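Comments concern the structure below.
The values are calculated or read from the model by the stated rules, or taken from the named source; none is laboratory data. These figures come from a predicted structure and were not determined experimentally. Neighbour counts are summed over all protein chains in view; Cβ atoms, including those assigned to glycine, are modelled from backbone coordinates with ideal geometry.
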Amino acid sequence: MSQPRNIILGHMVSATAGVVTYYFMGIQWWSIALAVSLAIVLMTLTRSLHPPGGATAFIGVYTGQSFIYIFTPVALGAIFITVISALIINISPDRKYPYYWL
C-alpha cells in the first residue's frame, strides 16, 4: 500500500473526491463521510488503495478546498515524499524501494 502508484494516485483520487464532494454538497454533517467513502471506492477501483488517502478526502471537505488542492499540496507532496523515501531507503544495500513503480 505504500508503493509509488498507491501514494501518488491514491492521494490524488482522494483529493478529487474531497474537493468534488465539497463543491457539490458543501460542508454538511454527512458530506465528510461521503467524501471518505467515495475516496475508498475510487482508490479500490483504480487499484491504488492508500489508507492516508481517506484523510486527504476529509481535509478537502472539512477545510473547503478548491481544485488547486489536488495538485498542490497533494500531488506535489505525494511525489516529493515518494522520491525522498526512495532515496533514503535505497541507501542501504539490503533494502529495495519501490518494489514496482506502476
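When the criteria are applied in full, Phe67 fails the requirement of being within 12 Å of the chain's Cα centre (by Cα) and at pLDDT 95 or above. Taking segment 28-58 as the range and being surrounded by fewer than 19 Cβ atoms within 10 Å (Cβ to Cβ), aliphatic (A, V, I, L, M) and farther than 18 Å from Asn6 by Cβ as the test, the residues that pass are Ala33, Leu34. Of all residues in segment 66-102, which are in contact (Cβ under 8 Å) with a residue 24 or more places away in the chain, surrounded by 12 or more Cβ atoms within 10 Å (Cβ to Cβ) and not in a helix (DSSP H, G or I)? Pro98, the sole residue that qualifies. Candidates in segment 37-65 are the residues that are of a type in the set (Val, Ile, Thr) and in a helix (DSSP H, G or I); of these, the one that is nearest to Ile8 (Cα to Cα) is Thr56.
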